[in-house]
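Let me begin by presenting the structure, written as structure tokens, before commenting on it.
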Amino acid sequence: MGRPAWAALGLVLLLAPAQARGDDAARIEALEREVEELKLLVKDLQAERQAPPPPSRSPMAHDHGSASGAENSAGWVPTLAIRGFGNVQYDYQTNPEGPHSGSTNHFTNGAMDLLITSEVASKVGFLSETQFEFEPDGSTSIDVERLLLHYDYSDAMNVAIGRGHTALGYWNARFHHGVWLYTTTDRPILFRFEDDGGILPVHFVGLEAGGSVETAPGLVSYVLDVANGRGEITDQVQLIEDRNHSKMVAGMLRLAPDAIPGLAFGVNALMDEIPGIPGNPDRAHSIGETIAGFHAVYTESPWEILLESQYIHHEDRTCHCNHDSWGGYFQTGYRLGKFTPYYRFDWLGIDEQDPFYTGVVGAEDSLQHVFGLRIDWWTFVALKLEYRRLLARSADSNAGTAQVSFAF
Amino acid sequence: MPSERQARTRRPLRAALAAAALAAWLLPTAARAAEIVVVLNEKNAVSTVSLQQLRLIYGAYRRSWPDGTPIQLLLPAAGSPAMQVMVTKVFRRQREEEIAQYYVDLVFQQKLVKPPTQPSIRESLARVRSQPGAIVIAEKDEIDDPSGLRLLPLEGL
């Protein structure tokens, strides 16, 4: 090794520790910077955790329920939610009843249904359903269809007071006035509303108790109603008085077995005393009414299969005779993504001698086939295309409906 | 020594075996990534939640915990793996929007005052920490800080 080489080696040995010291200092500086950054990050995270959460961004985002006892604090106000349902449709019908016999076609501004719910206190809620109905003469009427204050004591016991839907089978308890909720464009003939030729007391004014209990075979649900009962005619829901002392009593029991999810079957019964009509010799005395029914449903997606029947027994205390009527429906649908093709068969058998149903339009022996397609175009907008073939005692008819229904 | 014809027929077999081996390696990884847990407040005494119980809870058939505390439903964030489990396993529906429709239906039936909230995972966890009756399901990996929470495996999934 020559002299220059030795000199170079010596220089390297002399400088190397200084270079290592310089590297260490840089690393320490970088680590210190990282520690400072981490300190800031932890501080930010702590601040975020202590701050109130930002508002939810989902279209379904609403607070649900209050903390128990919070309603007693000074800052408590009841929560209020307003929702609604509406529908517009085009109808074509052949051989309709009325002055325009032959065929008709028209657009129909369907009813607008306003649903208001509020959490008044922990476990206490309020619900009102008000319907704006558009009449053939161009006028608009307002019907308060449901008005209930309910106390949810437990899953097994809930109590409600006000006007609601009677415990009369599956459809009447499950569906109310919002057409968007139905797979079809309209209710079954049997469950038409009282002011639409319905033969059943679908609304009540009184007390309702209900709940559900988990048992070994499955979920058992019950509903009990004690209410004013029927008025003198089918379309008379006794809102502020009762024309007789007796009260309508109705009850429903349902089992949803765990073994077959989606399946449920139940029975219901109702007893009432329909007041007589002074001055009407055919209705001089009251009519004892007994209604009994059953239902079996399978609603596990994509299927909807509904079968239901109600039997109506009238004990006429004027003629001392009995009248029996019955009706039912079978409905099935199968959901394929946004599309649900469906079919329903309605039947109604009315005792024509029953004075309570005299003059009620639509209260006659009839069979109806309903074929349709529901398209859930958007989450809360549905288009329904439907064909109906009605075979009734008075006249047969064919009808088609294209309906747009929505929730808002 | 295999003929060219034999070699050609074996190629798809080898490819299938390789694909199966790859799937066997990937699937457990995917399952681990989507491990779903039930998230409750730490004060909630419930120790197990089965899929059937979750159906009753989210179906609003069961609205209070055994000690009487009202259940506060929270839905997983839209599009999340936990929401997918909610749609397909809990509600057994086809699409997420059917859940929204289901809850509007329940409000109409007077079973709920309002549909449940669908917040972000961070907000959900904050609410479960602050509300003793709150419940949500979430991916286990999403929960960085389990303090104040009780995480339960979803039995029967």
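The values are calculated or read from the model by the stated rules, or taken from the named source; none is laboratory data. All values derive from a computational prediction rather than experimental measurement. In this analysis, Cβ positions are derived from the backbone assuming ideal geometry, glycine residues included, and neighbour counts consider all displayed protein chains. Side chains are part of the model used for accessible areas, which takes the heavy atoms of the whole protein and leaves out ligands, DNA and RNA. Shrake-Rupley method; radii C 1.70, N 1.55, O 1.52, S 1.80 Å.
When the stretch A:223-246 is limited to residues that are touching a Gly at 6+ places or on another chain (Cβ under 6 Å) and surrounded by fewer than 17 Cβ atoms within 10 Å (Cβ to Cβ), the one that is farthest from the other protein chains (Cβ to nearest Cβ) turns out to be A:VAL226.
For the stretch B:82-113, which residues satisfy the criterion of being in a loop (DSSP other than H, G, I, E, B) and either under 13 Å from B:TYR58 (Cα atoms) or under 18 Å from the mean Cα position of the chain (by Cα) (or both)? Passing the criteria: B:PHE91, B:ARG92, B:ARG93, B:GLN94, B:ARG95, B:GLU96, B:LYS111, B:LEU112. In the condition set (1) in a helix (DSSP H, G or I); (2) more than 9 Å from every other protein chain (Cβ to nearest Cβ); (3) open to solvent by 30 Å² or more (accessible area, probe 1.4 Å); (4) over 19 Å from A:PHE339 (Cα atoms), B:GLY79 is compliant with all but (1). Restricting attention to the stretch A:61-93 and to residues that are at pLDDT 90 or above and surrounded by fewer than 17 Cβ atoms within 10 Å (Cβ to Cβ), the residue that is nearest to the chain's Cα centre (by Cα) turns out to be A:ILE82.
In this structure, A:THR234 does not satisfy being in contact with a Ser or Thr (Cβ under 9 Å, 6 or more places away or on another chain) and outside any strand (DSSP E or B).
Pull up the stretch A:188-219, narrow it to residues that are more than 23 Å from A:SER325 (Cα to Cα) and open to solvent by 40 Å² or more (accessible area, probe 1.4 Å), then point me to the one that is farthest from the chain's Cα centre (by Cα). Reasoning before the result, please.
Let us first name the residues in the stretch A:188-219 that are more than 23 Å from A:SER325 (Cα to Cα), namely A:205-219.
Among the residues that remain, those that are also open to solvent by 40 Å² or more (accessible area, probe 1.4 Å) are: A:207, A:213-217.
Values: A:LEU207: 20, A:VAL213: 21, A:GLU214: 22, A:THR215: 25, A:ALA216: 27, A:PRO217: 26 Å.
Of everything passing the filter in the stretch A:188-219, A:ALA216 is farthest from the chain's Cα centre (by Cα).
Counting only residues that are over 18 Å from A:PHE380 (Cβ atoms) and touching a residue at least 40 places away in the same chain (Cβ under 8 Å), the stretch B:106-116 holds 1 of them.
A:GLU97 - would you say it is over 22 Å from A:HIS177 (Cβ atoms) and either modelled with pLDDT of 85 or more or more than 14 Å from chain B (Cβ to nearest Cβ) (or both)? Don't jump to the end; show me each part of the working.
Numbers: over 22 Å from A:HIS177 (Cβ atoms): yes; either modelled with pLDDT of 85 or more or more than 14 Å from chain B (Cβ to nearest Cβ) (or both): yes.
Judged against the criteria, A:GLU97 is a match.
Only one entry of A:PHE175, A:PHE132 meets the criterion of being hydrophobic (A, V, I, L, M, F, W, C) and more than 12 Å from chain B (Cβ to nearest Cβ), and that entry is A:PHE132. So is B:GLY59 modelled with pLDDT of 90 or more, open to solvent by less than 60 Å² (accessible area, probe 1.4 Å), on the phi > 0 side of the Ramachandran plot and within 12 Å of chain A (Cβ to nearest Cβ) or not? Criteria not met by B:GLY59. Restricting the search to strands (runs of 3 or more DSSP E) fully inside the stretch A:248-344 and requiring at least 3 residues that are within 14 Å of chain B (Cβ to nearest Cβ) gives A:248-257. Counting only strands (runs of 3 or more DSSP E) that fall entirely inside the stretch A:76-189 and contain at least 3 residues that are of a type in the set (Ser, Thr, Tyr), the qualifying elements are A:79-94, A:103-109, A:140-154.
Taking the criterion of being crowded, with 21+ Cβ neighbours inside 10 Å and under 14 Å from B:MET83 (Cβ atoms), the residues of the stretch B:116-139 that qualify are B:PRO116, B:THR117, B:GLN118, B:PRO119, B:SER124, B:VAL136, B:ILE137, B:ALA138.
Take A:TYR342 and decide whether it is over 16 Å from A:LEU190 (Cβ atoms) and among the aromatic types (Phe, Trp, Tyr). Lay out the reasoning, then the answer.
Values: over 16 Å from A:LEU190 (Cβ atoms): yes; among the aromatic types (Phe, Trp, Tyr): yes.
Taking the combined requirement at face value, the residue satisfies it.
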